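Below is one structure, written out as structure tokens; comments come after it.
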């Protein structure tokens, strides 16, 4: 007990001496500094004051020992008190909203640090010497001896790890020398170059179908030459019948590797349709070019300013701009926003839109020939073409080589053949030989692949696709189209004189039908109607007088041109159609005996 008292007293006395010495030293130093004006005298005087104090009241060794013991115990005591307080004392918990702010700040700091670390890694590891990016073609990439690879460096690209971030994205780490890194997500492509900078490239084209185009190689090559050449030819248009494959051709072009290499800054796509929302499509382009939704909303009442802003944002970029399913020149021109290094491609079923927009760059997309039609069917349903080639050939003729109905029929037949039962195939073929069944054969529309002029809830079918054009006509043109179905379909042609008489219409209405792409011009004052268009319109024909006008016109035609065998031969198919109508409907018009002369002409010109 006495020992503890002595130690405690020594510690207390030592502590007093230490603190007293420090106070006296500070006072002596301050006084010396004030008197001498020398700041350095403060340190000297303080040191001398401490030494003198220790000399007067005890030895330096005793004071030092006491100070050490005191400070040690003080430190231990403070630590013990702290531990006890944290373990058993009251705990502070911030309110939830405050804690949420703390967590947000912490996560934000960590995310920024990770992003900066990744940026630094990219800077160090990316290949040096890359300026404007140059992309090799697919063949160059796949060939290990390609000059575009060997001239740059050995490409040693390894995906070493994927780290899941809070946003759900994965980071790919590249090691070794590479030309550049390309990765994509949500219809955008991101390029990372030597400096570690990221450039997001928009790609708004819908997904490509799982099958390749048939019979379009020459057209694809011509299109690419036009688009790559620049200038006025960079304005191109695809024009053709409903279901002929205009959009499919544009899709193949947008996904083509050579096209993507040339237009290395991306592809913008707008599927307009008959009732297009211009602002919505322009807003999508703006977002793809880096605008924020708030910035887009500022242009709600000023479309022109938004167009100008998008044009400036595109600038000198090399981009392909596709305007799909345009129904007016004005709608198409709203999206002619590219710069000098861009190309524009319009698809439309209206010849006038194509001509005005692209002039010499207009390409008419024709239906497939017999061989190409069979090839398309074979790709979709190979067992059907192998099993019943003649039936398959008849189906190609029945739809006039249009790719859309051929595609729908091929998918349908493939499903019916999956069990290998001949009965199901025969039933399916019998169904497809009926006009109404071919028109109504459909498939669901999905997401990005829906037709621009159809709502998502309407299945894709030949009936619905042609119906879009039919509904766009005025009533007189609609009735005239139905009346013209009494003429044999393409490749047969008929005269304008016959069309006006049978349809009881005007040349203005005939021009309307050709402007809408439903009636095709086939030489001076001659026209033709595609098989699919004729099948659709015939199902809507209710005017019985059309058949009477058809028979009467050709009775007078044969009567007035008995001696012109060339002209009679030219109109032979149409005249025979009139005779067939007369016989089927048991009509007995005056002057029908003139058709006997037609039989004589047939015997002379044809082996019957």
Report summary line: Residue set 425, 519, 500; condition outside the structural domain of residue 347 (by TED's automatic domain parsing) and under 36 Å from the mean Cα position of the chain (by Cα); output residue 519
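One line per residue, one yes/no per condition, for (1) surrounded by fewer than 19 Cβ atoms within 10 Å (Cβ to Cβ); (2) in contact with a strand residue (DSSP E or B) (Cβ under 7 Å, 6 or more places away or on another chain); (3) closer than 21 Å to residue 535 by Cα:
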| residue | (1), (2), (3) |
| --- | --- |
| 427 | yes, no, no |
| 456 | yes, no, no |
| 466 | no, no, yes |
| 471 | yes, no, yes |
| 477 | no, no, yes |
| 500 | yes, no, yes |
| 505 | no, no, yes |
Report summary line: Those residues of the range 514-551 which are surrounded by 14 or more Cβ atoms within 10 Å (Cβ to Cβ) and without any contact (Cβ under 8 Å) to a residue 12 or more places away in the chain amount to 521
Requested in this report: Considering every residue within the range 364-374, establish whether at least one is under 28 Å from residue 488 (Cα atoms), in contact with a strand residue (DSSP E or B) (Cβ under 8 Å, 6 or more places away or on another chain), assigned to a loop (DSSP other than H, G, I, E, B) and in contact (Cβ under 8 Å) with a residue 60 or more places away in the chain.
Outcome: yes
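Kindly indicate whether residue 439 is under 19 Å from residue 213 (Cβ atoms), touching a helix residue (DSSP H, G or I) at 6+ places or on another chain (Cβ under 7 Å) and in a helix (DSSP H, G or I).
Working: under 19 Å from residue 213 (Cβ atoms): no; touching a helix residue (DSSP H, G or I) at 6+ places or on another chain (Cβ under 7 Å): yes; in a helix (DSSP H, G or I): yes.
When the stated conditions are applied, residue 439 does not pass them.
Being surrounded by fewer than 14 Cβ atoms within 10 Å (Cβ to Cβ), not in a loop (DSSP other than H, G, I, E, B) and not assigned by TED's automatic domain parsing to the domain that holds residue 432: is that true of residue 588 here? Show your work before the answer.
On the way: surrounded by fewer than 14 Cβ atoms within 10 Å (Cβ to Cβ): yes; not in a loop (DSSP other than H, G, I, E, B): no; not assigned by TED's automatic domain parsing to the domain that holds residue 432: yes.
It is false that residue 588 is surrounded by fewer than 14 Cβ atoms within 10 Å (Cβ to Cβ), not in a loop (DSSP other than H, G, I, E, B) and not assigned by TED's automatic domain parsing to the domain that holds residue 432.
For every residue, the table says whether it meets (1) closer than 19 Å to residue 234 by Cα; (2) touching a helix residue (DSSP H, G or I) at 6+ places or on another chain (Cβ under 6 Å); (3) in the same structural domain as residue 448 (by TED's automatic domain parsing); (4) in contact (Cβ under 8 Å) with a residue 40 or more places away in the chain.
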site: 271; (1), (2), (3), (4): no, no, no, yes
site: 284; (1), (2), (3), (4): no, no, no, yes
site: 292; (1), (2), (3), (4): no, no, no, no
site: 307; (1), (2), (3), (4): no, no, no, no
site: 321; (1), (2), (3), (4): yes, no, no, yes
Query raised in the report: What are the residues in the range 397-407 that are within 17 Å of residue 430 (Cβ to Cβ) and crowded, with 24+ Cβ neighbours inside 10 Å, if any?
Result: 399, 405
Query raised in the report: Taking the range 514-523, which residues are touching a helix residue (DSSP H, G or I) at 6+ places or on another chain (Cβ under 6 Å) and part of a helix (DSSP H, G or I)?
Result: 515
**Report entry** Residue under evaluation residue 229, criteria (1) free of Cβ contacts under 8 Å to residues at least 24 places away in the same chain; (2) touching a helix residue (DSSP H, G or I) at 6+ places or on another chain (Cβ under 7 Å), criterion not met
**Finding:** (2)
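In this structure, does residue 448 turn out to be more than 21 Å from the chain's Cα centre (by Cα) and outside any loop (DSSP other than H, G, I, E, B)? Give the derivation first.
Values: more than 21 Å from the chain's Cα centre (by Cα): no; outside any loop (DSSP other than H, G, I, E, B): yes.
No, not satisfied.
The values are calculated or read from the model by the stated rules, or taken from the named source; none is laboratory data. Fair warning: this is a prediction, and the values are worked out from it, not measured in the lab. Quick reminder, even Gly has a Cβ in these numbers, built from the backbone with ideal geometry, and neighbours come from all protein chains shown.
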